[in-house]
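The values are calculated or read from the model by the stated rules, or taken from the named source; none is laboratory data. In this text, all values refer to a predicted model and were calculated from it rather than measured experimentally. Cβ placement follows ideal geometry from the backbone for every residue including glycine, while neighbour counts extend to all protein chains displayed.
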Amino acid sequence: MTKLYSIGEVLIDFIPQQKGEALKDVVTFERAPGGAPANVAAAVAKFGHDASMITKLGIDAFGDFLIEQLQQAGVKTDKILRTKEANTGLAFVSLKEDGERDFSFYRKPSADLLFREEEINSDWFSEGDILHFCSVDLVESPMKLAHKRAIELMKEKGGLISFDPNVRLPLWDQPEDCRNAILEFLPYAHLVKVSDEELEFITGISDIEEAIASLFAGDVQAVVFTKGAAGADLYLKDNKWKSSGYTVDVQDTTGAGDAFIGGFLFKLLEAKAAPDSLQKVLKEQNGEILKFANASGALTATGKGAISALPEKEQVIGLIQEQHI
């Protein structure tokens, strides 16, 4: 069976129990497993496909907790290494009244950044697999080089590369460092997911169509442009498809984007998409794929946190049938 591999950060999100408070004013937090690549792996696993996480955690109680949570979500954790050199990463989140969030990260460095390229085994990957990554762990570190090695090995085996920049500026010394890392890795991907909040920052272009066209660099074959509650648009170089969002009671958007791309990648794994068949799959199944991804993101936003808020596959299908978008 083909598999999703996510590489990057797994961390604890401390979610406030009060909405609309500045982070300095929040009194009580609830811990939740997080980290965008881990959230995506959990979504794929929960929907019923094999998913595995590649990272490193501290030998500490938070690392133990994250391993347990990933396993409960169905994610394979045998490629998660442990270290005493650094602690498991933490993120404190404050929620605005509309469910949007603000982050404060504790990782200088965190254990995930110490994952080394030589710790990746070339036998892990197979044809038909997907490797997914984000930008948070592309800071100058051993983990950045591990990303390059994993991408190289997956491509050698004929697998698909998925990149969600998932911009988190507080983690970077300068915004330009974040942009440069994203632009360095973008051409390695076959599929790129970018949000309406990130597009102009990444490309430096204010016109949406022109900005998206600029993302088709290197190996990029498809771009998914997400617009929050308004749905998402899918672009190939010569095609575009629009999709609408779903109406739900939004509580917390922390994991919505990750659940969206998790749902999208789950459908690509179901379709056995590979670099040479990706465009054909998207041309034939874009409606079904986008509906599933949009519903996955919408339902996740009705809960708190990310992994803990992921819906079951049956709930996603139910929302699609109920709203008939």
Any chance you could count how many residues in the stretch 108-140 are at negative phi and either among the small types (G, A, S) or not in a helix (DSSP H, G or I) (or both)?
23
Under the condition of being of a type in the set (V, I, T) and not in a helix (DSSP H, G or I), which residue from the stretch 267-325 is farthest from Q251 (Cα to Cα)?
I325
Note: among I151, I208, I212, just one is touching a residue at least 12 places away in the same chain (Cβ under 8 Å) and farther than 23 Å from I289 by Cα, namely I151
If we keep only residues of the stretch 246-262 that are acidic (D, E) and either part of a loop (DSSP other than H, G, I, E, B) or over 19 Å from the mean Cα position of the chain (by Cα) (or both), then the residue surrounded by the most Cβ atoms within 10 Å (Cβ to Cβ) is D252
Among (1) within 19 Å of the chain's Cα centre (by Cα); (2) surrounded by 19 or more Cβ atoms within 10 Å (Cβ to Cβ), the one test that S243 misses:
(1)
Looking only at the stretch 148-170, count every residue that is closer than 15 Å to V10 by Cβ and surrounded by 17 or more Cβ atoms within 10 Å (Cβ to Cβ) and tell me the total.
1
Name the pairs whose Cβ atoms lie under 6 Å apart, with the first residue in the stretch 64-88 and farther than 13 Å from P37 by Cβ and touching a residue at least 24 places away in the same chain (Cβ under 8 Å), the second polar (S, T, N, Q) and not in a helix (DSSP H, G or I), and 6 or more positions between them or separate chains?
K76/S52; A86/S110
Being small (G, A, S) and touching a Ser or Thr at 6+ places or on another chain (Cβ under 9 Å) is the filter; apply it to the stretch 115-145 and report the residue that is surrounded by the most Cβ atoms within 10 Å (Cβ to Cβ).
G128
For helices (runs of 4 or more DSSP H) lying entirely in the stretch 150-234, having 2 or more residues that are at pLDDT 95 or above and among the β-branched types (V, I, T) picks out 199-203, 208-214
I'd like the full set of residues that are in contact with a strand residue (DSSP E or B) (Cβ under 6 Å, 6 or more places away or on another chain) and either more than 29 Å from A298 (Cα to Cα) or free of Cβ contacts under 8 Å to residues at least 24 places away in the same chain (or both), limited to the stretch 89-111.
Y106, A111
Index of the failed condition, I54 passing every other in (1) under 19 Å from the mean Cα position of the chain (by Cα); (2) modelled with pLDDT under 95:
(2)
